[in-house]
Amino acid sequence: MRSERRFSQAIAEGDGISVIVDVVDPDGARQAAAQGAEALAVRGPVGDLRSVTELPILWRGSGSPSEAAFAGADAWLVVVEDAGEDGDWLARQHAEALELGLDCVVEVRSEEQLELALERLDPEIFLLAAPDGEDHEGLGRALELLPDIPAGKLAVADVPLSSREQVDELERAGVDAVIVGARDVAELVGDGPPQV
């Protein structure tokens with residue numbers, strides 16, 4: 001059974017930027033929750049996370065929305081790039097996730113993908129990621145895409161971060177959440193929201 005605290009609510013409520021932690025096992029989930037994570041991201045089945053945490057879970061792995069729901073996820077990631085030229089595939093994946101009660105997070109890596117997502121899906125949550133091979137420029141690319149996200153939508157950044165200052169920069173720009181690795185949580189969460 002999915003948590004009553006849905007993924008979108010977890011990253012929208014409260015002050016400051018939300019931290020979503022990429023975990024690979026229940027121990028990582030437990031540690032992330034103890035260090036202040038507001039949600040978890042998984043790339044596949046990682047055991048019974050519901051026995052160790054009530055945090056919302058974003059499914060980033062391959063498979064279908066029904067597999068994500070079966071695994072206990074609260075949100076499912078659809079990657080615009082995976083659709084290729086098949087815009088109908090995108091719409092089907094998005095609709096299936098919503099029918100299953102999952103929040104649908106739509107990953108975009110370029111202005112063209114963002115336009116396609118808005119045209120075909122009009123999603124509530126966007127994941128801004130650097131184009132493949134441009135990880136070193138990920139923060140800048142996420143910030144370039146951000147102004148094109150319509151007001152009222154949620155933006156999650158999935159970019160390599162090395163300091164709390166970069167998290168603060170994303171927050172000041174208007175990013176709602178950031179995905180970090182399990183080993184980075186304590187350093188990147190910080191003591192409180194930055195001065196804006």
If you take the charge dipole of the stretch 7-189 about its Cα centre, with +1 on Lys and Arg Cβ and -1 on Asp and Glu Cβ, which of PRO131, VAL52, GLN9 is farthest toward its positive end?
VAL52
Residue by residue through the stretch 65-80, what is 3J(HN,Hα) from phi via Karplus (6.51 cos²θ - 1.76 cosθ + 1.60, θ = phi - 60°)? Round to whole Hz and write x for glycine and proline.
x, 5, 5, 5, 4, 4, 7, x, 6, 9, 9, 10, 9, 10, 9, 4
GLU13/ASP88 FRET efficiency (R0 35 Å; Cβ-Cβ; nearest 0.05)
0.55
Please give the calculated 222 nm ellipticity per residue for the chain, where each DSSP H segment of at least 4 residues contributes -39500 (n - 2.57) and the sum is spread over every residue; nearest 500 deg cm²/dmol?
-9500 deg cm²/dmol
May I ask you to evaluate 6.51 cos²θ - 1.76 cosθ + 1.60, the Karplus curve with θ = phi - 60°, for each residue of the stretch 42-59 and list the ³J(HN,Hα) values in order in whole Hz, giving x for glycine and proline?
10, 10, x, x, 10, x, 8, 5, 5, 7, 10, 7, 9, 4, x, 10, 9, 8
Can you list residues from other chains, or at least 5 along the same chain, whose modelled amide H is less than 5 Å from the amide H of ASP103?
PHE7, ALA75, TRP76
From the C-alpha gyration tensor of the stretch 40-82, square roots of 5λ in Å:
19, 10, 8
Just the Cα atoms of the stretch 7-189: what Rg and Dmax do they give in Å?
15.2, 42
Ordered by residue, what ³J(HN,Hα) values in Hz, to whole numbers, does the stretch 91-106 give under the Karplus form 6.51 cos²θ - 1.76 cosθ + 1.60, where θ = phi - 60° and Gly and Pro are x?
4, 5, 4, 4, 5, 4, 4, 5, 4, 7, x, 8, 6, 9, 9, 10
In debye, nearest 20: dipole of the chain around its Cα centre with unit charges on the Cβ of K, R (+) and D, E (-)?
680
Restricting to Cα pairs below 8 Å that are 6+ residues apart, what does the relative contact order work out to for the chain? Please round to a whole percent.
22
Which order results if PHE7, PHE126 are arranged by neighbouring Cβ count within 10 Å, fewest first?
PHE126, PHE7
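None of the figures in this text is laboratory data; all of them are computed from the coordinates on show. Here the structure is a predicted model, which means the values were calculated and not measured. No Cβ is skipped: glycine too gets one built from the backbone with ideal geometry, and neighbour counts run over all protein chains shown.
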